[in-house]
Amino acid sequence: MQYAEGRIGRVFFIRIDDGEELITTLTGFARDHGISHGTITFFGALKRAGLVTGPEEPVIPPVPHHEEIEGGWECLGTATIYPGEDGPSLHLHATAGRGRDAITGCLRTDCRVYLVVEAVLYEAVGIDGSRLPDPVIGAALPVLRHQNP
């Protein structure tokens, strides 16, 4: 286990409009506002998105199982923000539903908003950590170093 202790800094309420790309918009917001660490909760609807919904088999490194959604899907999700190799690195997980269908996974590609997504971003300050590639897992993972605030 790794951990870091910090405190809540700024809090932002964000509206993302129809047709905007969710991940790009949130990443750009974090970059523009100098947010290196934090969490995001969001809800609204997606026009389309690519998700990873688990591994094909439970092995390390995993081979991701990909799914796509298209049309108006209601969504609810959460994300973490860490500094990555190219600036803020977001890891988003969401549940989306349409009619009686539902899907849960890691949002990855072309996450287009339908109508609106509302997000609340909580900045964390005093955290010593980053998101770095893990060669064994085959994905970028948080690397945290304990520090007393």
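The values are calculated or read from the model by the stated rules, or taken from the named source; none is laboratory data. Values in this document were obtained by computation on a predicted structure and should not be read as measured data. Neighbour counts run over all protein chains shown; Cβ positions are idealised from the backbone, glycine included. Ligands, DNA and RNA are excluded from the accessible area calculation, which covers all protein heavy atoms including side chains. Shrake-Rupley method; radii C 1.70, N 1.55, O 1.52, S 1.80 Å.
Could you tell me how many of the residues in the range 65-100 are free of Cβ contacts under 8 Å to residues at least 40 places away in the same chain and surrounded by 17 or more Cβ atoms within 10 Å (Cβ to Cβ)?
Number satisfying all stated conditions: 2.
I'd like the full set of residues that are without any contact (Cβ under 8 Å) to a residue 24 or more places away in the chain and acidic (Asp, Glu), limited to the range 112-149.
Within the range 112-149, 134 is the sole residue that qualifies.
Pick from 122, 114: which is more than 20 Å from residue 89 (Cβ to Cβ) and of a type in the set (Phe, Trp, Tyr)?
Within the list 122, 114, the selection yields 114.
Do we find that residue 12 is more than 15 Å from residue 76 (Cα to Cα), at pLDDT 95 or above and open to solvent by less than 50 Å² (accessible area, probe 1.4 Å) in this structure?
Taking the combined requirement at face value, the residue satisfies it.
Is it true that some residue in the range 43-62 is within 22 Å of residue 86 (Cβ to Cβ), of a type in the set (Phe, Trp, Tyr) and in contact (Cβ under 8 Å) with a residue 12 or more places away in the chain?
The answer is no, given that none of the residues of the range 43-62 is within 22 Å of residue 86 (Cβ to Cβ), of a type in the set (Phe, Trp, Tyr) and in contact (Cβ under 8 Å) with a residue 12 or more places away in the chain.
Restricting the range 112-148 to residues that are of a type in the set (Val, Ile, Thr) and open to solvent by less than 70 Å² (accessible area, probe 1.4 Å), which is nearest to residue 60 (Cα to Cα)?
Here the answer is 137.
Go over the candidates 48, 7, 98 one by one and state the one that is at pLDDT 95 or above and closer than 28 Å to residue 124 by Cβ.
Within the list 48, 7, 98, the selection yields 7.
Collect the residues in the range 46-77 that are under 19 Å from residue 90 (Cα atoms) and not polar (S, T, N, Q), keeping them in residue-number order.
Answer for the range 46-77, where residues must be under 19 Å from residue 90 (Cα atoms) and not polar (S, T, N, Q): 46, 48, 49, 50, 51, 52, 54, 64, 66, 75, 76, 77.
Within the range 94-149, which residues are among the β-branched types (Val, Ile, Thr) and touching a helix residue (DSSP H, G or I) at 6+ places or on another chain (Cβ under 8 Å)?
113, 117
Going by the structure shown, is residue 71 small (Gly, Ala, Ser) and in contact with an Asp or Glu (Cβ under 9 Å, 6 or more places away or on another chain)?
Considered against the rule, which asks whether it is small (Gly, Ala, Ser) and in contact with an Asp or Glu (Cβ under 9 Å, 6 or more places away or on another chain), residue 71 comes out as no.
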